Amino acid sequence: MPLSSMLGLRRSPRNHRSHRANRNAGLKSTLTNPNSTHAGRARAKHELHARGQTAHVPIHKKIMRTLGIHQTSRTQRKTTAARKHRQRRRF
């Protein structure tokens with residue numbers, strides 16, 4: 001266990017987003033996920049509206065998600081994931 005976590009210190013990454021922003025992004029992704037249930041989508045939509053966010057998802061996003069089409073290539077996603085993994089291991 002790293003010393004910083006034992007002391008209760010957290011380091012903030014450069015691309016740190018607030019908990020609220022991460023929660024909103026997760027709720028928005030629930031709306032486009034073809035594996036989420038109707039009740040889950042309704043709950044996510046209700047919570048987004050309660051937070052003052054829009055729950056609109058463009059139809060092309062839903063189609064791309066259903067068909068498994070990504071905006072970035074597989075090799076680029078792999079290299080990005082590997083780079084993030086290496087950065088996490090450094091500290």
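Readers should treat all values here as calculations from the given coordinates under stated rules, not as data from a laboratory. All values reported here derive from a predicted model rather than from experimental measurement.
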Could you go through the stretch 73-86 in sequence order and give the Karplus-derived ³J(HN,Hα) for each residue, using 6.51 cos²θ - 1.76 cosθ + 1.60 with θ = phi - 60°, rounded to whole Hz, and x for Gly and Pro?
6, 4, 5, 5, 5, 5, 5, 5, 5, 5, 5, 5, 5, 5
Express in nm, to one decimal, how much length is gained between K78 and Q53 on full extension, taking 0.36 nm for each residue of separation and deducting their alpha carbon distance.
5.8 nm
For the stretch 17-91: lysine pairs under 19 Å (alpha-carbon distance), excluding those fewer than 8 apart on one chain:
5
